[in-house]
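Below is one structure; the comments refer to it alone.
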Amino acid sequence: MTYVPDEDLDRIARRRAGMKMGWYIHAGIYLAVNLMLAAISASSGRGWAIFPALGWGIGLAAHGIVVFLRTNTAVFDGLVARERRQLQAQREPW
C-alpha cells in the first residue's frame, strides 16, 4: 500500500461520494418518473409504461455498474497485483 497525503484522500473521497450521489439522484428520479408513468398507463388501461422503464433501467444499471466498479478499489487493486505478479514472473530468468 502506498502513502497518500490527506488532501489527496479528501479529493478522492469527495469524487467517489459525488459519483455515488449522482447515481442515487438518478435512481430516485427514475423511480419517481416511472411510478408516474405507471399510474398514467394503468389509468388508461394499457401497459405501455413498461417500455420506458426497461429502456431507462438499462441505462441506470450501466450507470450503477460504472460508479460502483470505479469506487470499489479492492477489485482494481487485485487486478493490479495480479498483473504485477505476471510481469515479475516474465522478467525472472528461470
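The values are calculated or read from the model by the stated rules, or taken from the named source; none is laboratory data. For clarity, every value in this text was computed on a predicted model and none was experimentally measured. Quick reminder, even Gly has a Cβ in these numbers, built from the backbone with ideal geometry, and neighbours come from all protein chains shown.
Within the stretch 71-94, can one find any residue that is assigned to a helix (DSSP H, G or I), among the basic types (Lys, Arg) and surrounded by 13 or more Cβ atoms within 10 Å (Cβ to Cβ)? Walk me through how you get there before you give the answer.
Within the stretch 71-94, the first condition is being assigned to a helix (DSSP H, G or I), and the residues that meet it are 71, 73-91.
Among the residues that remain, those that are also among the basic types (Lys, Arg) are: 82, 84-85, 91.
Adding the requirement that they be surrounded by 13 or more Cβ atoms within 10 Å (Cβ to Cβ) leaves none.
No, every residue in the stretch 71-94 fails to be assigned to a helix (DSSP H, G or I), among the basic types (Lys, Arg) and surrounded by 13 or more Cβ atoms within 10 Å (Cβ to Cβ).
Taking the stretch 6-20 only, how many residues are among the charged types (D, E, K, R) and at pLDDT 85 or above?
In the first step, residues of the stretch 6-20 are kept if they are among the charged types (D, E, K, R); the result is 6-8, 10-11, 14-16, 20.
Remaining after also requiring at pLDDT 85 or above: 10-11, 14-16, 20.
The qualifying residues number 6.
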